[in-house]
Number of protein chains: 2
Amino acid sequence: MKTHTVVIVEDHVLLSQAIASLVNSFKDFDVLFTCKNGKELLTKLKTPNNIPDIILMDVNMPILNGIETTEIIKNEYPKINVIALSVEENDITIIKMLKAGAKGYLLKDVEKDVLELALTETIKHGYYHTKDVSNILINSLNEDDSSKIQIKDREREFIIHTCSEMTYKEIAEKMFLSPKTIDGYRDNLFQKLQVKNRIGLVLYAIKNGIYKL
Amino acid sequence: MKTHTVVIVEDHVLLSQAIASLVNSFKDFDVLFTCKNGKELLTKLKTPNNIPDIILMDVNMPILNGIETTEIIKNEYPKINVIALSVEENDITIIKMLKAGAKGYLLKDVEKDVLELALTETIKHGYYHTKDVSNILINSLNEDDSSKIQIKDREREFIIHTCSEMTYKEIAEKMFLSPKTIDGYRDNLFQKLQVKNRIGLVLYAIKNGIYKL
DNA sequence: ATTAAAAAGGGGAAAAACACCCATTAAGTA
DNA sequence: TACTTAATGGGTGTTTTTCCCCTTTTTAAT
């Protein structure tokens, strides 16, 4: 069996290099290069002979995050297999990542053998999922769409601003909307998320990765 | 120069093993074992011939966190050098960790060479600090005692209730105080913590472990 | 015992948040 | 086309929060 190439995208350099060291220790895999975010990745991919078989992609990154980056990769380099690597056990994040085109989703607390298996299987079959992630997926499919709480982009924006200690008036200005529309967003979300006030909104946002501390 | 031993404490297994792989690639260092939290560490240290020269300790862990664990290590195994490894750039966390007895504090986005240097220097001189961390320390020393923001028990109670989506009237009843006293608590805390409204209070509480999600 | 400081409580007013109602417009779809 | 739905925003009123400045009570210290 020939050796396959891997690229690691991870904002924490030390972890990035540590994972690289681990991957290099696997029999059939070599790390081509590592980078700190999606933007850097896209730049480096433009160099000839720099196209890996697999990208190990962190989900939470500054500049260009894992989801957005994966979408671009899927379109521009459809032959590259992206495997997500994350601490996020959040259903919505996982689904978004897979929708974006990731061939696998690994939690950062798996054993190194699982990583090697994921790499091997992805090369062989084009996908790999741990039991954990599969279960999460099945559960989230069983929840029929009606019970699935959906937050729109514009609402998400509103929530983030609310978490930033802004008043509704300030948020309205920032989002170029009438204060009354903001009122509506709030009323809707309170109802949808079953919270009593802005505090509940903030807690929900933090728990669900909408707002990062 | 003889080879020194390292133990890695990190809750995400894959990262733990990845860092182990990296450390093993350093000329003068070998990983003795890895573990997932402070509790596991303390258990494993009890086995004879299991005492490392250096412990690389993650700060944010479940069960027994880095700070508490380091304190115990300092008392029970004073010859072991603890180096903190974290994503937290938060002044208070760093200071707490160093006070607990850590000989160094590395951010997870340093280069692997820095990790090797930190290990070497710690063996040689008993400590190592990156420029980043040193600067943070100097800055926080210049801030006259602002790091010792003290929150009283009664205030802490008030904050927790605020985080529980209660109104001030409800909190007043629960704490057997006049709403006006609650007003005073709030005004004081806003001033003390430099926040603009209840949201800021909630964020502070979560960041500082006063309120647990 | 005297004094100082901290904790608790108060009055009043402005701003913000919250809770309903309903109207318009744009976009999608049967 | 007609019907539906989503997004936006207006009206009105109540409640809560926030921000002043102030007094009394309790606790701690000299």
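Structure values in brief
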{"quantity": "Conditions (1) farther than 18 Å from A:G209 by Cα; (2) open to solvent by 70 Å² or more (accessible area, probe 1.4 Å); (3) among the charged types (D, E, K, R): number failed by A:K96", "calculated": "(1)"}
{"quantity": "Of the criteria (1) within 14 Å of chain A (Cβ to nearest Cβ); (2) over 27 Å from A:V110 (Cα atoms); (3) open to solvent by 50 Å² or more (accessible area, probe 1.4 Å), which one B:N60 fails", "calculated": "(2)"}
{"quantity": "Where A:K196 falls short, out of the listed (1) open to solvent by 70 Å² or more (accessible area, probe 1.4 Å); (2) near DNA strand D (Cβ under 8 Å from one of its atoms); (3) not small (G, A, S)", "calculated": "(2)"}
{"quantity": "Some residue of segment A:168-175 being open to solvent by 50 Å² or more (accessible area, probe 1.4 Å), more than 12 Å from every other protein chain (Cβ to nearest Cβ) and not acidic (D, E)", "calculated": "yes"}
{"quantity": "Segment A:66-107, subset modelled with pLDDT of 85 or more and of a type in the set (S, T, N, Q), residue farthest from A:S134 (Cα to Cα)", "calculated": "A:N75"}
{"quantity": "Test: residue in segment A:119-128 that is within 21 Å of A:L45 (Cα to Cα) and within 14 Å of another protein chain (Cβ to nearest Cβ)", "calculated": "yes"}
{"quantity": "Residue within segment A:123-134 that is within 11 Å of DNA strand D (Cβ to nearest atom), without any contact (Cβ under 8 Å) to a residue 24 or more places away in the chain and not acidic (D, E) present", "calculated": "no"}
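Each row is one residue, and each column tells you yes or no for (1) among the charged types (D, E, K, R); (2) under 16 Å from B:I199 (Cβ atoms); (3) open to solvent by 90 Å² or more (accessible area, probe 1.4 Å); (4) away from DNA strand C (no atom under 16 Å from the Cβ).
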{"residue": "A:H125", "(1), (2), (3), (4)": "no, no, yes, yes"}
{"residue": "A:T130", "(1), (2), (3), (4)": "no, no, no, yes"}
{"residue": "A:V133", "(1), (2), (3), (4)": "no, no, no, yes"}
{"residue": "A:S164", "(1), (2), (3), (4)": "no, yes, no, no"}
{"residue": "A:L177", "(1), (2), (3), (4)": "no, no, no, no"}
{"residue": "A:Q191", "(1), (2), (3), (4)": "no, no, yes, no"}
{"residue": "A:I210", "(1), (2), (3), (4)": "no, yes, no, yes"}
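Residue-by-condition table, conditions (1) over 15 Å from A:L15 (Cα atoms); (2) acidic (D, E):
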position: B:H4; (1), (2): yes, no
position: B:V9; (1), (2): no, no
position: B:A18; (1), (2): no, no
position: B:N24; (1), (2): no, no
position: B:N50; (1), (2): yes, no
position: B:L56; (1), (2): no, no
position: B:P62; (1), (2): yes, no
position: B:T69; (1), (2): yes, no
position: B:E76; (1), (2): yes, yes
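The rows are residues; the columns are (1) within 14 Å of chain A (Cβ to nearest Cβ); (2) in contact (Cβ under 8 Å) with a residue 40 or more places away in the chain; (3) over 25 Å from the mean Cα position of the chain (by Cα); (4) outside any helix (DSSP H, G or I).
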residue	(1), (2), (3), (4)
B:I160	yes, yes, no, no
B:E165	yes, no, yes, yes
B:L177	no, no, yes, yes
B:K180	no, no, yes, no
B:R186	yes, no, yes, no
B:K192	no, yes, no, no
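The values are calculated or read from the model by the stated rules, or taken from the named source; none is laboratory data. All values reported here derive from a predicted model rather than from experimental measurement. FYI the Cβ positions are ideal-geometry reconstructions off the backbone, even for glycines, and counts take in every protein chain you see. These area figures cover heavy atoms from the full protein model, side chains too; ligands, DNA and RNA do not enter into them. Shrake-Rupley method; radii C 1.70, N 1.55, O 1.52, S 1.80 Å.
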